[in-house]
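Working notes, beginning with the structure itself.
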Amino acid sequence: MTKNYEVQEIPLQELWTRYSKTGDIETRNELIRQYSYLVRCIAIKIVGRYQYFNYLDDIINEGLIALMDAIAKFDMMKNVKFETFASIKVRGAMIDYIRRQDCFPRRLKKMAKAINEADETLNQRLGRSPTEQEIADYMRISLPEYEKMLAETSSMNILSFEELVYEKGVESIALHSANSTGGPEQVMAEKELSSMLQLDIENLEEKEKIVISLYYKEQLKIKEISGVMGISESRVSQIHSSALRKLRRSLESYLKQ
């Protein structure tokens, strides 16, 4: 009669204690194995956001490399959960990888550039965020045409915003708060950014606030938000793009201080 023997999983605290003392590669690999679920969860969420990027295995590999780096740099003495620290590094690495793939069509890049230039010009001229109608008039197109452009460039706006948050925002604040960007100071930097963005979100239009909340807090997809709000997916994308453009401008100003 064959007996089944279950492999006993070593408790995480024991693994961390052992790794902090020895730096043993086998212990590190076991930590990677036990935390690999984080990488896959983040990868699935990120891939679902980008219409022109669907290489799940590729960003999982990038995430595992970032996880390995997070394990090497994590300080157990700091009062920070490893899952929080690792998630920031993994998400940032995945976003950077997607950006490097240059997967968006040239037509969309040109479209996004034209919208951003119009938005920045009018913001300086008016001293406030321009309305969609004002941007459309400046670009000499109809409002429906402009709204269609917003919907089409939605994925690019998401990537641009998240790149600013995770690659530049978190790292920049961490640099100002510590001598090293490798430690859990990044967690505090993300909290500071989150607090600042929360204040900016309060200044958005009501529909923009709802879309941002459903997308980032509730983790709903554009299609699901469409059902909740009773509007088309295209309209959700338009509102989302408009909100991200405002938040990005505010974040860029904050980081220049």
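Listed values, structure above:
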item	result
Any hit, the range 75-82, residues being closer than 28 Å to LEU220 by Cα, in contact with a Pro (Cβ under 8 Å, 6 or more places away or on another chain) and in contact (Cβ under 8 Å) with a residue 40 or more places away in the chain	yes
Residues of the range 229-243 classified as surrounded by fewer than 22 Cβ atoms within 10 Å (Cβ to Cβ) and either part of a helix (DSSP H, G or I) or of a type in the set (Val, Ile, Thr) (or both), total	5
Residue among SER129, SER155, SER172 that alone is out of contact with any helix residue (DSSP H, G or I) (no Cβ under 6 Å at 6 or more places or on another chain), within 23 Å of ILE201 (Cβ to Cβ) and either surrounded by 17 or more Cβ atoms within 10 Å (Cβ to Cβ) or modelled with pLDDT of 90 or more (or both)	SER155
Test: LYS207 is of a type in the set (Lys, Arg), surrounded by 16 or more Cβ atoms within 10 Å (Cβ to Cβ), over 14 Å from the mean Cα position of the chain (by Cα) and at pLDDT 85 or above	yes
Test: residue in the range 68-82 that is open to solvent by 90 Å² or more (accessible area, probe 1.4 Å) and either of a type in the set (A, V, I, L, M) or under 30 Å from MET156 (Cα atoms) (or both)	yes
Search result, residues across the range 198-210 that are closer than 21 Å to TYR254 by Cβ and either touching a Lys or Arg at 6+ places or on another chain (Cβ under 7 Å) or assigned to a helix (DSSP H, G or I) (or both)	GLN198, LEU199, ASP200, ILE201, GLU202, LEU204, GLU208, LYS209
Pick from the range 21-37, criterion of a type in the set (S, T, N, Q) and modelled with pLDDT of 90 or more, ranking: least open to solvent (accessible area, probe 1.4 Å)	THR27
Candidates SER213, SER226, SER195 - the one that is among the polar types (S, T, N, Q), over 18 Å from the mean Cα position of the chain (by Cα) and part of a helix (DSSP H, G or I)	SER226
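The values are calculated or read from the model by the stated rules, or taken from the named source; none is laboratory data. Predicted model only: the values in this text are computed from it and were never measured. Reconstructed Cβ throughout: ideal geometry from the backbone, glycine too, with neighbour counts over all protein chains shown. Keep in mind that these areas ignore ligands, DNA and RNA; they rest on the heavy atoms of the full protein, side chains included. Shrake-Rupley method; radii C 1.70, N 1.55, O 1.52, S 1.80 Å.
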